[in-house]
Structure formats: structure tokens, C-alpha cells
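Take a look at the structure set out below.
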Amino acid sequence: MATRSEASPDVPTVGDFVPGFEASALQGIGAPKSTPSEIVDKLNMEINAGLADSKLRARLADVGGTVIPGSPAAFGRLITEEIEKWGKVVKFSGAKPE
């Protein structure tokens with residue numbers, strides 16, 4: 001993470017010791033590419049409404065989660081960016097599938 005966790009604000013990030021380092025875990029919900037846009041939009045609306053619930057946000061914060069509601073397009077861009085970023089890391093490392 002680029003910033004310290006709200007659940008553990010006194011625990012430094014790796015980036016505090018290695019300038020420029022940033023890594024995080026993320027979770028999201030996907031659907032098959034052929035899913036009609038009306039269904040994707042409805043799911044997105046309902047999921048974002050759930051993520052706005054203060055009890056859910058508090059529970060996720062208790063386990064170190066950060067809620068980032070958004071659009072399907074924004075999530076798609078995030079996934080693309082992550083694939084590009086970590087693809088470079090894998091290539092640089094020389095790792096090969098066995």
C-alpha cells in the first residue's frame with residue numbers, strides 16, 4: 001500500500017523503507033463479458049449501495065479493508081493497470097511457469 005492501513009496506522013508500509021514500492025491486494029466482483037449492460041449496471045448500483053452502508057464499511061475497516069466503490073469501467077482500468085504493472089515485475093524477475 002502507498003498509505004498506512006487505518007486498522008494499523010502505526011505499522012509502516014514497505015514504501016516507508018523502499019522508496020517507490022507499492023503493492024496492495026484487491027477484491028472485486030466480475031461478470032462474464034457477455035452479461036447485458038443493464039444487469040452490470042444494476043449489480044454495480046446495488047453493490048455500491050451496500051458498500052455505502054456504515055456497518056459494512058466499519059466491518060471491512062476492522063479487518064483492514066478499504067472500500068473503494070466505483071464503476072465497471074473504473075474497475076476494468078484498475079485491472080488493466082495491475083496486469084501491466086505486475087507483468088513487468090514478472091518479466092524483470094525472469095520467472096517462468098513450470
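The values are calculated or read from the model by the stated rules, or taken from the named source; none is laboratory data. Just so we're clear, the structure is a prediction, and the values are computed from it rather than from any experiment. Here Cβ is always computed from backbone atoms with ideal geometry, including for glycine, and neighbour counts include all displayed protein chains. Please note that ligands, DNA and RNA were not included when accessible areas were found on the heavy atoms of the full protein model with its side chains. Shrake-Rupley method; radii C 1.70, N 1.55, O 1.52, S 1.80 Å.
Numerical summary
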{"item": "Shape metrics for the chain, restricted to C-alpha atoms - Rg then Dmax, Å", "result": "16.7, 46"}
{"item": "Relative packing of 3-16, 82-95, which averages over residues the other C-beta atoms within 10 Å, highest first", "result": "3-16, 82-95"}
{"item": "The chain: calculated mean residue ellipticity at 222 nm from DSSP helix runs of at least 4, using -39500 (n - 2.57)", "result": "-15500 deg cm²/dmol"}
{"item": "Per residue value of the accessible surface for region 10-54 (all protein chains in place, 1.4 Å probe), Å²", "result": "80 Å²"}
{"item": "Proximal lysine pairs, the chain, alpha carbons under 27 Å, eight or more residues apart or interchain", "result": "6"}
{"item": "Intensity falloff of region 58-98 expressed as log10 I(q)/I(0), Debye formula with alpha-carbon point scatterers, at q = 0.31 Å⁻¹", "result": "-0.95"}
{"item": "The chain, accessible surface, carbon-and-sulfur percent (1.4 angstrom probe)", "result": "62 percent"}
{"item": "Efficiency of FRET between S93 and L56 - r from beta-carbon atoms, R0 25 angstrom, step 0.05", "result": "0.10"}
